[in-house]
Amino acid sequence: MTPPEKDSPADAPPQVPGFKTWRGLYLFVGIVFLLTVAALALFSSAFA
Amino acid sequence: MNGFDWIVLLATMVGISAYGAWHTRHVSSLKTYLKGSDKAKWGTIGLSVMATQASAITFLSIPGQGYESGIGFVQNYFGLPIALIIVSAVFLPIYRKLGVYTAYEYLGRRFDAKTRLLGAALFLLQRGLAAGVTIYAPAIILSSVLGWDLDLTIVSTGLLVIVYTVTGGSEAVNLTQKWQMAVIFGGMVTAFFVLLHKLPNGFGFGDAAHVAGAMGKLQAVDFSLNPDRRYTFWTGIFGGLCLSLSYFGTDQSQVQRYIGGAALREGRLGLMFNGLLKIPMQFMILLLGALVFVFYQFQPAPVYFNQTEWRRHSQGAHGEAFRAIESRYAAAHEARERAVTAWNDVRKESNPAAESAARVAMLDAQKSLDAVRADAKGALLAADPEAKTKDSDYVFITFILSELPHGAIGLLVAVMIAAALSSKAGELNALATTTTIDLWRQFRPLAAADEARNVRVAKWFTFFWGMVAIAFALFAGFAENLIEAINILGSIFYGVVLGVFLVAFFIQRVKGTAVFFAAIAAQVLVIVLYSTLDISYLWYNLIGCAACVCFSVVLQSLLGSAREEAAA
């Protein structure tokens with residue numbers, strides 16, 4: 001085992017423009033996933 | 001392949017491998033050798049995670065799946081973004097906080113040595129077997145269609161990956177994977193545009209999608225609750241979540257890719273990069289297969305895509321029967337081409353009755369063609385009961401070799417080999433790390449302080465596992481559909497391992513002995529169910545995980561009660 005990493009705390013801001021917290025970023029990824037599934041379902045029905 | 005293709009292939013493959021080995025030849029720190037550079041940013045980590053998962057099988061088998069069964073396989077990845085969010089939020093911060101080299105080292109901290117060894121052993125067993133498939137899968141197909149010697153293909157690709165993985169360890173793996181992914185993306189985009197360009201004049205992407213859709217190839221999402229269906233929204237969300245959570249959260253070949261890096265943020269963003277891109281990427285690869293299906297509506301396709309196997313038998317005693325099937329297939333192909341063209345013309349005329357009749361005629365023509373293909377497989381079996389009758393893995397490579405211009409052929413073959421090398425390197429690196437940290441150092445605790453010796457040992461284990469994979473690929477036979485074989489193998493083991501980690505993270509009152517015996521009982525249960533039930537293999541991830549968690553809780557209650565009674 002290496003010495004524990006000197007990381008910033010797990011709840012430190014992600015430093016990604018538009019996102020103040022990791023929770024916000026995860027929510028964004030979750031919403032993109034739902035939109036992707038919806039787009040795939042639409043794609044399937046459009047060309048069925 | 002001509003000389004130009006060979007130049008493209010060798011320049012990319014040997015060039016990237018040599019670059020990786022040369023740049024990392026001075027790595028002497030154990031941490032860098034096993035975890036990679038501590039300067040790695042999220043882009044490198046994200047591409048490395050993606051490259052480790054995307055093996056050659058991804059680019060050989062998945063377009064074949066799209067061609068044969070449509071794009072429904074994309075549902076297999078529906079659990080992946082959710083799994084990556086959980087790994088990023090829960091698993092990764094703990095791994096980094098403890099500074100572990102392997103996920104199983106964490107089990108040792110949380111439970112005890114025997115649970116750590118169990119986790120490491122399950123990983124070595126499962127990943128060690130898969131490592132053979134990773135190297136065998138592209139070799140069998142490429143050697144068959146390109147006329148290369150199978151053993152030489154296995155040995156040369158195996159040795160190439162061993163050279164730079166032994167030299168630079170995790171840092172070399174990360175560095176080469178970045179460039180290998182660039183080759184892969186470049187090759188797949190090239191194939192996509194060439195394919196669109198090769199469709200008949202006036203036949204655009206929309207027309208192609210309509211034909212593929214009418215033939216049932218574009219059913220991406222299926223909400224059916226029928227447990228017999230292999231890929232549905234539900235198997236993807238629940239089974240796929242367990243599979244992905246286990247793979248990304250507890251499989252050392254992935255954990256090793258993201259626990260290093262400059263900071264916790266880089267690993268997390270690398271995972272989110274995959275959470276956003278993986279489903280679209282798999283969709284595009286499957287769509288490529290569906291478009292190859294449309295392409296072969298208008299171009300003569302072989303009756304059986306594994307042409308080497310077909311020719312081997314058609315030149316034998318049953319030659320007449322094979323030639324008769326080829327003639328029937330050519331006639332059925334012409335009839336289907338006419339039916340598809342007719343339907344596509346009628347489709348645009350706003351005449352529902354005519355469109356419906358033309359659609360029925362087109363589907364009937366497809367059924368006739370499928371019947372001839374079934375006869376072809378029957379003829380192969382009649383000629384040789386041991387003949388391979390699944391040819392979907394050969395569809396995309398056949399298209400590449402027969403339709404792409406020279407140079408692009410070399411690039412696409414490089415895609416297959418780059419993918420094989422990148423996933424192989426990640427696996428070897430992880431197998432060596434687990435063997436060094438969880439086995440060798442466990443039994444030689446005094447050696448842990450000698451960093452140089454640890455690096456030497458890790459290099460020897462990398463070499464050892466590379467040779468094991470080559471030997472396994474040389475002497476083993478594998479299931480016909482390679483990507484499913486790997487996923488089935490993973491599903492048998494992954495659920496239980498995930499169960500152990502979920503107990504570790506979320507159920508603090510369960511201790512080592514309870515989880516250890518619960519894991520063994522759950523693994524036996526999964527193996528028994530796999531050999532008796534006929535359900536989608538993705539469900540075994542859920543069953544194994546749930547069984548392990550439930551058994552752990554029950555066993556801990558029993559052990560706790562027994563201890564209280566003994567104390568009283």
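Here is a yes/no grid of residues against (1) in contact with a Lys or Arg (Cβ under 8 Å, 6 or more places away or on another chain); (2) closer than 25 Å to B:Ile285 by Cβ:
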residue	(1), (2)
B:Val415	no, yes
B:Leu421	no, yes
B:Thr435	no, no
B:Asp438	yes, no
B:Leu446	no, no
B:Ala452	no, no
B:Val455	no, no
B:Ala458	no, no
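Considering B:Leu92, B:Leu84, the condition of being farther than 19 Å from B:Gly239 by Cα and either at the interface with chain A (Cβ under 9 Å from one of its Cβ atoms) or not in a helix (DSSP H, G or I) (or both) is satisfied by B:Leu92 alone.
Rundown of residues vs (1) modelled with pLDDT under 90; (2) crowded, with 19+ Cβ neighbours inside 10 Å; (3) out of contact with any strand residue (DSSP E or B) (no Cβ under 6 Å at 6 or more places or on another chain); (4) within 27 Å of B:Val189 (Cβ to Cβ), yes/no style:
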| site | (1), (2), (3), (4) |
| --- | --- |
| B:Asn274 | no, yes, yes, yes |
| B:Leu277 | no, no, yes, yes |
| B:Met284 | no, no, yes, yes |
| B:Ala290 | no, yes, yes, yes |
| B:Pro300 | yes, no, yes, yes |
| B:Ala330 | no, no, yes, no |
| B:Ala335 | no, no, yes, no |
| B:Ala339 | no, yes, yes, no |
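Checking segment B:106-123 against the condition returns a match, with at least one residue being free of Cβ contacts under 8 Å to residues at least 12 places away in the same chain, surrounded by fewer than 21 Cβ atoms within 10 Å (Cβ to Cβ) and within 14 Å of chain A (Cβ to nearest Cβ).
Here is a list of conditions, (1) free of Cβ contacts under 8 Å to residues at least 40 places away in the same chain; (2) within 34 Å of the chain's Cα centre (by Cα); (3) in a helix (DSSP H, G or I); (4) more than 14 Å from chain A (Cβ to nearest Cβ), and B:Pro300 meets all of them except one; can you say which number that is? All conditions are met except number (3).
Test B:Leu47 against the stated conditions and say whether it is more than 14 Å from every other protein chain (Cβ to nearest Cβ) and hydrophobic (A, V, I, L, M, F, W, C).
The answer is yes for B:Leu47.
Determine whether segment B:164-175 contains at least one residue that is under 18 Å from B:Gly46 (Cβ atoms) and among the polar types (S, T, N, Q). Yes, because at least one residue in segment B:164-175 is under 18 Å from B:Gly46 (Cβ atoms) and among the polar types (S, T, N, Q). Taking segment B:306-398 and the helices (runs of 4 or more DSSP H) fully enclosed by it, the elements with 2 or more residues that are among the small types (Gly, Ala, Ser) and farther than 25 Å from B:Val294 by Cα are at B:319-347, B:352-383.
With respect to B:Phe463, determine if the residue is modelled with pLDDT of 90 or more, more than 21 Å from B:Phe248 (Cβ to Cβ), among the aromatic types (Phe, Trp, Tyr) and surrounded by 15 or more Cβ atoms within 10 Å (Cβ to Cβ).
Values: modelled with pLDDT of 90 or more: yes; more than 21 Å from B:Phe248 (Cβ to Cβ): yes; among the aromatic types (Phe, Trp, Tyr): yes; surrounded by 15 or more Cβ atoms within 10 Å (Cβ to Cβ): yes.
In short, yes.
The listed residues are B:Gly216, B:Gly204, and the only one of them that is within 14 Å of another protein chain (Cβ to nearest Cβ), more than 26 Å from the chain's Cα centre (by Cα), surrounded by fewer than 19 Cβ atoms within 10 Å (Cβ to Cβ) and of a type in the set (Gly, Ala, Ser) turns out to be B:Gly204.
For segment B:538-562, what are the residues that are crowded, with 19+ Cβ neighbours inside 10 Å and of a type outside the set (S, T, N, Q)? Across segment B:538-562, the qualifying residues are B:Leu538, B:Trp539, B:Tyr540, B:Leu542, B:Ile543, B:Gly544, B:Cys545, B:Ala547, B:Cys548, B:Val549, B:Phe551, B:Leu555.
Number of residues in segment B:50-81 that are closer than 25 Å to B:Ala263 by Cβ, among the hydrophobic types (A, V, I, L, M, F, W, C) and more than 10 Å from every other protein chain (Cβ to nearest Cβ) equals 2.
The set of residues in segment B:141-172 being free of Cβ contacts under 8 Å to residues at least 24 places away in the same chain and of a type in the set (A, V, I, L, M) consists of B:Leu150, B:Leu152. Pairs meeting the criteria (first residue in segment A:1-28 and within 7 Å of chain B (Cβ to nearest Cβ) and modelled with pLDDT of 90 or more, second residue exposed (fewer than 13 other Cβ atoms within 10 Å of the Cβ) and outside any loop (DSSP other than H, G, I, E, B), beta carbons under 7 Å, at least 6 apart or on different chains) are lacking. Here B:Pro138 fulfils each of the conditions (1) within 14 Å of another protein chain (Cβ to nearest Cβ); (2) buried (at least 21 other Cβ atoms within 10 Å of the Cβ); (3) not aliphatic (A, V, I, L, M) apart from (1).
The values are calculated or read from the model by the stated rules, or taken from the named source; none is laboratory data. This is a predicted model, so every value here is computed, not measured. When we count neighbours, we look across all protein chains shown, and the Cβ atoms used for this are built from the backbone with ideal geometry, even at glycine.
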